[in-house]
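Chemist: The structure's right below; bear with me while I get my questions together.
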Amino acid sequence: MAKRPHEPRSEAIERAVADLLGACDLDLEHKDLRSTPQRVARLWREHFLAGFAMDPAVILGDTVDGEGATDLVIVRRIPYHGLCPHHLLPYHGEATVAYLPATRLLGFGRLGDLVTCFTRRLTLQERACNDVVDALMEHIGARGAGCVMRGHHTCLAIPDNKHATEVTTSSLRGDFVTRRDLQAALFQ
């Protein structure tokens with residue numbers, strides 16, 4: 001059986017948001033809340049869940065022949081945002097993605113698209129980081145891949161926690177696991 005594409009249901013999201021606000025004993029007819037369920041549903045569909053509709057195989061399918069290409073490819077400061085599944089609070093930051101080509105090369109923008117694919121989901125930053133490098137290894141046959149994400153998580157910034165922290169996650173595959181020169185280039 002083929003996997004059903006992920007399709008957030010706007011009406012169901014709107015009802016759930018209205019139910020949540022009602023459970024908080026808030027007046028849904030107040031001028032500030034009247035359109036909130038619709039706004040939240042649109043935000044979740046377009047920004048927090050849009051990655052589920054993206055296919056990494058399609059994103060990475062448009063390659064060019066890189067025969068003889070042995071140099072490292074690094075794209076830095078790729079902006080991302082996601083939604084943590086633990087608290088349903090957003091996080092955001094910048095990613096650095098690198099790969100060591102074998103025979104296929106990607107357009108630089110494809111690395112940003114790949115980060116978007118895996119962060120615009122209900123997922124942990126750590127998992128998104130792993131998913132990016134796994135996709136590069138699987139879909140373009142890279143000799144190695146690495147990803148570093150530096151993010152700011154709302155759950156760590158709320159007043160009770162009082163943390164102004166940056167969370168750094170990294171993932172290495174292939175030659176990046178053993179080659180210190182590749183690691184140094186990625187983490188600089």
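Chemist: Just give me the residues in region 63-83 being over 20 Å from GLY146 (Cα atoms) and surrounded by fewer than 18 Cβ atoms within 10 Å (Cβ to Cβ), in sequence order.
Modeler: Within region 63-83, VAL64, ASP65, GLU67, GLY68 qualify.
Chemist: Does region 171-188 hold any residues that are at negative phi and in a strand (DSSP E or B), and which are they?
Modeler: SER171, LEU172, ARG173
Chemist: Select, from VAL40, VAL58, the only residue that is over 27 Å from ALA184 (Cα atoms), over 15 Å from the mean Cα position of the chain (by Cα) and surrounded by 15 or more Cβ atoms within 10 Å (Cβ to Cβ).
Modeler: None of the others qualify; the one that does is VAL40.
Chemist: Here's another thing I want to ask about it. Could you check, for region 145-160, whether at least one of its residues is at pLDDT 95 or above and acidic (Asp, Glu)?
Modeler: No, region 145-160 contains no residue that is at pLDDT 95 or above and acidic (Asp, Glu).
Chemist: Here is a list: GLU29, GLU46. Which entry is under 29 Å from ILE140 (Cβ atoms) and either in contact with an Asp or Glu (Cβ under 7 Å, 6 or more places away or on another chain) or not aliphatic (A, V, I, L, M) (or both)?
Modeler: GLU46
Chemist: So which pairs qualify, if the first residue must be in region 10-36 and closer than 20 Å to GLU46 by Cβ, the second must be surrounded by 12 or more Cβ atoms within 10 Å (Cβ to Cβ) and polar (S, T, N, Q), the Cβ gap must be under 7 Å, and the two must be at least 6 apart or on different chains?
Modeler: GLU14/GLN38; VAL17/THR36
Chemist: Of the residues that sit in region 44-55 and are within 12 Å of the chain's Cα centre (by Cα) and of a type outside the set (A, V, I, L, M, F, W, C), which one is surrounded by the fewest Cβ atoms within 10 Å (Cβ to Cβ)?
Modeler: Once the filter is applied, the top-ranked residue is HIS47.
Chemist: Among the residues of region 47-63, write down those that are in contact with a Gly (Cβ under 8 Å, 6 or more places away or on another chain) and without any contact (Cβ under 8 Å) to a residue 60 or more places away in the chain.
Modeler: Within region 47-63, ASP62 is the sole residue that qualifies.
Chemist: Hey, among HIS86, HIS92, which residue is over 23 Å from GLU138 (Cα atoms), touching a residue at least 40 places away in the same chain (Cβ under 8 Å), surrounded by fewer than 18 Cβ atoms within 10 Å (Cβ to Cβ) and touching a Gly at 6+ places or on another chain (Cβ under 7 Å)?
Modeler: The conditions single out HIS92.
Chemist: Kindly indicate the residue of region 129-170 that is of a type in the set (Ser, Thr, Tyr) and buried (at least 18 other Cβ atoms within 10 Å of the Cβ) and also nearest to ARG104 (Cα to Cα) among those meeting that condition. Spell out how you get there, then give the answer.
Modeler: Step one: of region 129-170, the residues of a type in the set (Ser, Thr, Tyr) are 154, 165, 168-170.
Filter once more, so that each one left must be buried (at least 18 other Cβ atoms within 10 Å of the Cβ): 169-170.
Values: THR169: 26, SER170: 23 Å.
Ranking the qualifying residues of region 129-170, first place goes to SER170.
Chemist: Now, a different point. Quick one: what pairs do we get from region 139-152, first residue charged (D, E, K, R), second outside any strand (DSSP E or B) and modelled with pLDDT of 95 or more, C-beta under 6 Å, 6+ apart or different chains?
Modeler: Once the first residue is charged (D, E, K, R) and sits in region 139-152, its partners that are outside any strand (DSSP E or B) and modelled with pLDDT of 95 or more give ARG143/ASP175.
The values are calculated or read from the model by the stated rules, or taken from the named source; none is laboratory data. Predicted model, so just to flag it, every value in this text is computed and none were measured. As a convention, Cβ positions derive from the backbone with ideal geometry for all residues, glycine included, and neighbour counts pool all protein chains shown.
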